[in-house]
1. Take the stretch 3-39 and flag every residue that is over 15 Å from G52 (Cβ atoms) and in contact with a strand residue (DSSP E or B) (Cβ under 9 Å, 6 or more places away or on another chain).
2. Give the residues of the stretch 15-32 that are touching a residue at least 12 places away in the same chain (Cβ under 8 Å) and open to solvent by 100 Å² or more (accessible area, probe 1.4 Å), sorted by residue number.
3. So for the stretch 34-42 (the condition being touching a residue at least 12 places away in the same chain (Cβ under 8 Å), surrounded by 10 or more Cβ atoms within 10 Å (Cβ to Cβ) and among the β-branched types (V, I, T)), does at least one residue qualify?
Amino acid sequence: MRIRLWRWELELHQRALYITRQPDPACPTCAGHGGIDTTWGPELCDCWDPAGHRLPLWKRRQEAVPF
């Protein structure tokens, strides 16, 4: 399941929640594209974090069936 809140993107998987920050559309440096063209090639702008963060979730409790 994927949810997008302005420039934050949240993905929920079975065991983790992934949070990534998209490029800022109001950034004066990259104009919302996330990259800057330099003489050495494209570089990432400071307003974008493509690596993101991973928050592990707890395992679900499995209760035994009383049969």
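1. Listed by number, the residues that qualify are R15, T29, C30, G35, I36, D37.
2. If the condition is that a residue be touching a residue at least 12 places away in the same chain (Cβ under 8 Å) and open to solvent by 100 Å² or more (accessible area, probe 1.4 Å), then R15 is the only one that fits.
3. No, there is no match, as no residue in the stretch 34-42 is touching a residue at least 12 places away in the same chain (Cβ under 8 Å), surrounded by 10 or more Cβ atoms within 10 Å (Cβ to Cβ) and among the β-branched types (V, I, T).
The values are calculated or read from the model by the stated rules, or taken from the named source; none is laboratory data. Remember, it's a predicted structure, so these values are computed and weren't measured experimentally. Note that we place each Cβ from the backbone using ideal geometry, even for glycine, and neighbour counts take in every protein chain shown. Ligands, DNA and RNA are stripped out before the accessible areas are found, and what is left, the full protein with its side chains, is counted by its heavy atoms. Shrake-Rupley method; radii C 1.70, N 1.55, O 1.52, S 1.80 Å.
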